[in-house]
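Read-outs throughout are calculated quantities, based only on the coordinates presented, and are distinct from any laboratory measurement. It should be emphasised that the depicted structure is a prediction, and the values quoted were computed from it without experimental measurement. Positions of Cβ are generated from backbone atoms using ideal geometry, with glycine treated the same way; all protein chains shown enter the neighbour counts.
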Amino acid sequence: MRVGLLSALGALWAVCSGTGSLSIAAARSEKPPGEPVAESAEEPPEGKRRPLRELLYGATPEERERLAEERRRLSAAAAAFGTDPTAIIGYYQLTYGHNAFTNNLRLDTATAEVRLPITPNWLLRVTLPYVWADLNQPRGFTTNGPSDTVVRTGGRLYASPNVALFVGTDASIPTAAKKELGTGKYTLGPGGAVAVPMPRARSLFFTVIQDFNSVGGDSSRANIHFMQVQSAVNTIWSERWWSTAFVT
């Protein structure tokens, strides 16, 4: 009888175990064949770059088209305002600026600027400043008059909705009416500029790099050699208002 009871329990355990295994197998096989298999937790290497691309260019076709249109609008607006250093357009403006320095020198400058497109990709720009200078010291000076004339010529080597590249040179001519208002030197400043629209920030980012050297002029004046790097963010607020933050 003990042998029969053990045999019965063994048979019951085998049936239960078999039934459980069959139930689990059935549950696993009930997933529809067309349902995609879950991806592994480890993403492909390209997955790490995808968020940056989506941030720059958009995640959907509609967003990509909207950002592309905003890039075109920003570039056109910055060119019309005269703030895009890579733009090839006809343009003229008169600006006024005030500068105060630590040695008590104060400069007020009215600058006339004219830009002439020679070809669709080549530009000539002429800048003539008129300066009021006041050095408020015992042996200081107070004077005013025209300063040195600057002529820029260059071309747009590359332009797309995402970036534009301009290469050219500035030539400074010693046209100052008085010694204190100019350098007394002819200078050349070859360089380049790159502009990148940032549609999500409603701004145009650009950088201008130039290397200036004197090539002639008054031998009694010091020679000139310096490099200038200037970056800026030009924000377009509306059709009539904009602002620019410079770092030099």
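Checking every one of the trypsin sites (Lys or Arg not before Pro) in the range 101-200 against DSSP loop status and a limit of 16 other Cβ atoms within 10 Å picks out R139, K178. Taking amide H atoms as placed 1.01 Å from N in the peptide plane, the amide H of F141 lies under 5 Å from those of L135, each 5 or more residues away in sequence or on another chain.
Derived scalar couplings between HN and Hα for the range 239-248 equal 5, 10, 10, 8, 9, 9, 10, 9, 9, 10 Hz in order, rounded to whole Hz, by the Karplus curve 6.51 cos²θ - 1.76 cosθ + 1.60 (θ = phi - 60°), x for Gly and Pro.
Residues whose amide H comes within less than 5 Å of that of Y186, counting only those at least five positions distant or on another chain, are V215, G216, G217, D218 (H built at 1.01 Å from N in the peptide plane). The local environment of S219, defined by Cβ-Cβ distances under 15 Å, has a net charge of +2 under the rule Lys, Arg +1 and Asp, Glu -1. Evaluating 6.51 cos²θ - 1.76 cosθ + 1.60 at θ = phi - 60° for every residue in the range 102-119, the Karplus couplings come out as 5, 8, 6, 7, 10, 10, 10, 10, 10, 10, 9, 9, 10, 10, 10, x, 6, 9 Hz, glycine and proline recorded as x. For the range 110-125, backbone nitrogen atoms closer than 19 Å to the point 7 Å from W132 Cα along Cα-to-C-beta are found at 110-113. For E63, E70, the sequence from fewest to most other C-beta atoms within 10 Å is E63, E70.
Taking a sphere under 11 Å around the Cβ of L123 and counting the other residues whose Cβ falls inside, with K and R at +1 and D and E at -1, yields a net charge of +4. Exposure proxy shown here: for Y92, Y186, the number of other Cβ atoms within 10 Å sets the order, fewest to most, as Y92, Y186. Our coupling estimate for the range 124-129, obtained by passing each phi through the Karplus curve with A = 6.51, B = -1.76, C = 1.60 and θ = phi - 60°, is 10, 10, 10, 10, 10, x Hz, Gly and Pro reported as x.
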